[in-house]
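Take a look at the structure set out below.
The values are calculated or read from the model by the stated rules, or taken from the named source; none is laboratory data. Keep in mind it's a predicted model, so treat the numbers as computed, not measured. Cβ placement follows ideal geometry from the backbone for every residue including glycine, while neighbour counts extend to all protein chains displayed. To get the accessible areas, we keep the full protein, side chains included, count just its heavy atoms, and leave off ligands, DNA and RNA. Shrake-Rupley method; radii C 1.70, N 1.55, O 1.52, S 1.80 Å.
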Amino acid sequence: MPEATPRKIPIRTCVGCQQERPRQELLRVVRTPDGQVQIDRTGKAAGRGAYLCPKRECFEQAVKKRRLARTLRTMVPEEVVEQVEQWLDG
Ligand SMILES: [Zn+2]
(Lines give C-alpha, C1' and ligand atoms only; values in the text may rest on other atoms or scores of the structure.)
Protein backbone atom coordinates (compact mmCIF):
# COMPACT_ATOMS: atom_id res chain seq x y z
CA MET A 1 0.00 0.00 0.00
CA PRO A 2 1.38 3.41 -0.93
CA GLU A 3 1.41 5.97 1.82
CA ALA A 4 -1.57 8.28 1.85
CA THR A 5 -0.85 11.79 0.72
CA PRO A 6 -1.28 14.46 3.39
CA ARG A 7 -4.30 15.81 1.59
CA LYS A 8 -6.17 12.57 2.17
CA ILE A 9 -5.67 12.49 5.92
CA PRO A 10 -8.97 13.28 7.61
CA ILE A 11 -8.66 16.34 9.82
CA ARG A 12 -10.76 16.89 12.89
CA THR A 13 -10.93 19.66 15.45
CA CYS A 14 -10.15 18.97 19.10
CA VAL A 15 -13.09 20.09 21.24
CA GLY A 16 -10.63 21.08 23.97
CA CYS A 17 -7.98 23.30 22.36
CA GLN A 18 -9.90 23.75 19.06
CA GLN A 19 -6.84 22.89 17.01
CA GLU A 20 -7.11 20.84 13.88
CA ARG A 21 -5.25 17.56 13.82
CA PRO A 22 -5.19 14.33 11.85
CA ARG A 23 -8.09 12.22 13.03
CA GLN A 24 -5.81 9.30 13.80
CA GLU A 25 -4.01 11.32 16.48
CA LEU A 26 -7.19 12.16 18.30
CA LEU A 27 -9.28 10.32 20.85
CA ARG A 28 -12.88 9.91 19.74
CA VAL A 29 -15.72 10.00 22.21
CA VAL A 30 -19.02 8.90 20.74
CA ARG A 31 -22.68 9.15 21.63
CA THR A 32 -24.09 5.92 20.31
CA PRO A 33 -27.49 5.77 18.60
CA ASP A 34 -28.98 4.46 21.86
CA GLY A 35 -27.70 7.50 23.72
CA GLN A 36 -24.68 6.09 25.54
CA VAL A 37 -21.49 8.12 25.75
CA GLN A 38 -18.33 6.07 25.46
CA ILE A 39 -14.74 6.11 24.30
CA ASP A 40 -14.55 4.95 20.70
CA ARG A 41 -11.28 3.08 20.52
CA THR A 42 -11.81 1.98 16.94
CA GLY A 43 -12.84 5.41 15.63
CA LYS A 44 -15.60 3.68 13.72
CA ALA A 45 -18.47 3.42 16.16
CA ALA A 46 -21.79 4.68 14.89
CA GLY A 47 -23.09 7.87 16.39
CA ARG A 48 -22.16 11.47 17.00
CA GLY A 49 -18.46 11.82 17.73
CA ALA A 50 -16.29 14.39 19.43
CA TYR A 51 -12.54 14.46 18.98
CA LEU A 52 -9.91 15.28 21.55
CA CYS A 53 -6.15 15.43 21.66
CA PRO A 54 -4.96 12.63 23.93
CA LYS A 55 -4.03 15.21 26.54
CA ARG A 56 -5.53 15.87 29.92
CA GLU A 57 -5.64 19.67 29.37
CA CYS A 58 -7.77 19.28 26.28
CA PHE A 59 -10.16 16.90 27.96
CA GLU A 60 -10.48 19.10 31.04
CA GLN A 61 -11.22 22.14 28.90
CA ALA A 62 -13.73 20.22 26.85
CA VAL A 63 -15.56 19.13 30.01
CA LYS A 64 -15.28 22.40 31.96
CA LYS A 65 -16.39 24.57 29.08
CA ARG A 66 -19.10 22.02 28.21
CA ARG A 67 -17.87 21.75 24.66
CA LEU A 68 -17.90 17.99 24.86
CA ALA A 69 -21.51 17.92 26.02
CA ARG A 70 -22.48 20.48 23.40
CA THR A 71 -20.77 18.60 20.61
CA LEU A 72 -22.33 15.30 21.63
CA ARG A 73 -25.63 17.02 22.41
CA THR A 74 -25.96 15.14 25.65
CA MET A 75 -24.69 15.13 29.21
CA VAL A 76 -21.38 13.39 29.72
CA PRO A 77 -21.77 11.01 32.67
CA GLU A 78 -19.17 11.22 35.42
CA GLU A 79 -18.19 7.59 34.86
CA VAL A 80 -17.27 8.40 31.26
CA VAL A 81 -15.19 11.36 32.43
CA GLU A 82 -13.39 8.96 34.76
CA GLN A 83 -12.90 6.42 32.00
CA VAL A 84 -11.33 8.98 29.72
CA GLU A 85 -9.09 10.24 32.52
CA GLN A 86 -7.96 6.69 33.18
CA TRP A 87 -7.32 6.20 29.48
CA LEU A 88 -5.24 9.38 29.41
CA ASP A 89 -3.25 8.27 32.43
CA GLY A 90 -2.68 4.79 31.08
ZN1 LIG B 1 -6.57 19.61 21.94
- When the accessible area of the chain is computed with all protein chains present and a 1.4 Å probe, what percentage of it is carbon and sulfur? 46
- Query: Which value, in Å² and to the nearest 10, is the accessible area of Lys55 when all protein chains are kept and the probe is 1.4 Å?
  - Reply: 80
- Note on the structure: Once both label points are put 7 Å beyond Cα along the C-beta direction, the Glu82-Thr42 separation in nm becomes 2.6
- Count the net charge of all other residues whose Cβ sits under 14 Å from the Cβ of Thr32, scoring Lys and Arg as +1 and Asp and Glu as -1. +4
- Dipole in debye (nearest 20) - the chain, about Cα centre, beta carbon charges: Lys, Arg +1; Asp, Glu -1: 540
- Residue-averaged 222 nm ellipticity for the chain, from DSSP H runs of 4+ at -39500 (n - 2.57), nearest 500: -8500 deg cm²/dmol
- Message: Just to confirm the filter: which GluC sites (Glu not before Pro) across the range 1-73 are DSSP coil and have at most 11 other Cβ within 10 angstrom of their Cβ?
- Response: Glu3
- Query: Which whole-Hz couplings ³J(HN,Hα) result when phi for each residue of the range 75-90 is put into the Karplus expression 6.51 cos²θ - 1.76 cosθ + 1.60, θ = phi - 60°, listed in order with x for Gly and Pro?
  - Reply: 5, 9, x, 3, 5, 6, 4, 5, 4, 5, 4, 5, 4, 5, 6, x
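Using a 1.4 Å probe, what is the accessible area per residue for the range 10-63, in Å²?
Averaged over the residues of the range 10-63, the accessible area is 56 Å².
Would you kindly calculate the mean projected area, averaged across all directions, of the convex hull enclosing the Cα atoms of the chain, in square nanometres?
6.4
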